[in-house]
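Worksheet for the structure shown next.
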Amino acid sequence: LIVGAMVQVDYTDTETGRSRTTGLGWLAGPYVVARLPDHPLTFDARLLYGQSQNDISPFGSYTDAFTTDRWLGEARVTGALDFPAYRLLPSLRAAHTTDTARAYTSTPGPRIPTQGVALTELGSGLGVEIPIDLRAGDLTWSSGIEAIWATTAGTGASNLASFSTGRGRVDMGLSWAPSAATLLSVKGFYDGLGLANYVTVGASVTLRAEF
């Protein structure tokens with residue numbers, strides 16, 4: 001059983017026609033990771049709270065600033081099936097997040113009321129890890145695919161009707177462990193398989209050191 005705390009920082013830049021919104025945000029909170037004794041079943045969960053500072057230019061002529069409050073809760077169960085040359089990792093995941101924009105007064109004068117969005121996702125995936133032995137440490141190639149069901153609803157003044165969608169996601173990554181206490185990983189993903197007009201692409205670099 002491992003209990004810890006984490007901090008995440010993110011930046012977004014969205015353009016729709018003449019409208020542009022940028023934001024710098026953060027999330028922080030506790031997480032827990034647990035594994036059954038003598039069994040490759042792992043459970044991990046996190047509960048994070050944060051805020052974001054945003055600038056919006058709705059017509060390309062003026063820019064307003066506003067703040068949002070955000071919550072993220074996520075839990076995952078992952079198993080492992082070991083074979084001589086690779087490992088399969090089936091998983092189940094559930095996540096719920098909310099992002100609520102505080103009310104503010106726009107440059108032309110009208111008051112923009114509080115509004116927000118809530119998103120719930122359920123995912124079922126299968127990953128594979130292929131280890132590669134090196135003299136300078138262990139190298140692992142990983143990839144996976146996940147089927148995702150998501151439902152979205154608006155809150156406050158947004159009046160966004162609830163809707164549900166299904167889609168697929170693929171992940172790929174490479175991890176290098178020069179020692180038992182150090183891990184460097186590079187990962188990327190493509191999200192939006194089977195869903196028209198929706199694509200999300202991302203990448204991450206992680207360095208983990210144990211003391």
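Computed from the coordinates by the stated procedures, all read-outs in this text should not be read as laboratory data. Source: prediction; values computed, not measured. All Cβ positions, glycine included, derive from the backbone under ideal geometry; neighbour counts span all protein chains shown.
Explain nothing, just the number: dipole magnitude of the range 53-211 about its Cα centre with +1 on each Lys and Arg Cβ and -1 on each Asp and Glu Cβ, in debye rounded to the nearest 20. List each step's numbers first, then the result.
On the way: 11 positive and 14 negative charges, 38 e Å.
Here the range 53-211 has a charge dipole of around 180 debye.
To the nearest 0.05, what FRET efficiency results for T182 and S143 with a Förster distance of 25 Å applied to their C-beta separation?
0.65
Once both labels are modelled 7 Å past Cα along the beta-carbon direction, what's the D13-A203 spacing in nm?
1.5 nm
Starting from 0.36 nm per residue, how many nanometres of slack lie between Y86 and A65 once their C-alpha separation is accounted for?
The Y86-A65 span can extend by a further 2.6 nm.
Using modelled backbone amide H atoms (1.01 Å from N, in-plane), which distant-in-sequence or interchain residues come within less than 5 Å of I112's amide H?
For I112, whose amide H was placed from the backbone, the distant partners under 5 Å are Y104, T105, S106.
Which length gain, in nm to one decimal place, applies between V3 and E74 when the Cα-Cα distance is subtracted from 0.36 nm times their residue separation?
Values: separation 71, 0.36 × 71 = 25.56 nm, distance 1.48 nm.
Contour length minus the Cα-Cα distance gives 24.1 nm.
State the antiparallel share, in %, of DSSP beta bridges confined to the chain, rounding to the nearest 5.
100 percent
What is the mean projected area of the alpha carbon convex hull for the range 131-211, to one decimal in square nanometres?
8.2 nm²
How large is the Kirkwood hydrodynamic radius of the chain, counting all unique pairs of alpha carbons, in Å? List each step's numbers first, then the result.
Working: mean 1/r = 0.0503 Å⁻¹.
Taking every pair of different Cα atoms in the chain, averaging 1/r and inverting gives 19.9 Å.
Find the centroid of the Cα atoms in the range 145-211 and in the range 27-104, then give the distance between the two in whole Å.
Using only Cα atoms, the two centres lie 9 Å from each other.
Could you check the spin-label model distance between V170 and T22? Points 7 Å from the Cα along Cα→Cβ, value in nm.
3.3 nm
Charges on Cβ only, +1 for Lys and Arg, -1 for Asp and Glu, centred on the Cα centroid of the chain; of T140, T206, G73, which one is farthest towards the dipole's positive end?
G73
How high is the relative contact order of the range 2-98, in percent, counting Cα pairs under 8 Å that sit 6 or more residues apart?
22 percent
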